[in-house]
Amino acid sequence: MQRLDLQVSSAKQLSELTKSYERVQAIENEQKAFHRKGVEAQIESTKTLKEQREDQVLIKKTLELLLKHNLEQARQREVQEKIETSRYSENLKFTKIAAWTSIAAALLGVISIILQFIF
């Protein structure tokens, strides 16, 4: 009977040991799965960061092109404004000449009319 009790006791211990081993294996499997998910997340994060860097480079190049374009437009506007200012000054000069010429012509006209009345 004692032998049977020992065998039952040994069987219980073996069963508990097996269950304990299975729990340890399950925990280890969960840890491995968790670690694998962490590595996968790091890989995905690295891919995302790489894509973001590529996007940043593209955005930087685009902004540089836009700035160059805006600078060129500003230069063109500056040249146009200089040309328009020059034209305005020239037109103003001709307008003054025309005004003085008109005044002189009017004075000569008045003088000639007065001279006609006198002679």
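The values are calculated or read from the model by the stated rules, or taken from the named source; none is laboratory data. These figures come from a predicted structure and were not determined experimentally. In this analysis, Cβ positions are derived from the backbone assuming ideal geometry, glycine residues included, and neighbour counts consider all displayed protein chains.
Below are the figures for this structure:
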quantity: Qualifying residue in region 95-108 (condition: within 52 Å of the chain's Cα centre (by Cα), surrounded by 10 or more Cβ atoms within 10 Å (Cβ to Cβ) and assigned to a helix (DSSP H, G or I)); calculated: yes
quantity: Residue within region 65-74 that is charged (D, E, K, R), surrounded by 10 or more Cβ atoms within 10 Å (Cβ to Cβ) and under 26 Å from the mean Cα position of the chain (by Cα) present; calculated: yes
quantity: Subset of region 1-23 [among the aliphatic types (A, V, I, L, M), at pLDDT below 80 and surrounded by 10 or more Cβ atoms within 10 Å (Cβ to Cβ)]; calculated: Leu6, Val8, Ala11, Leu14
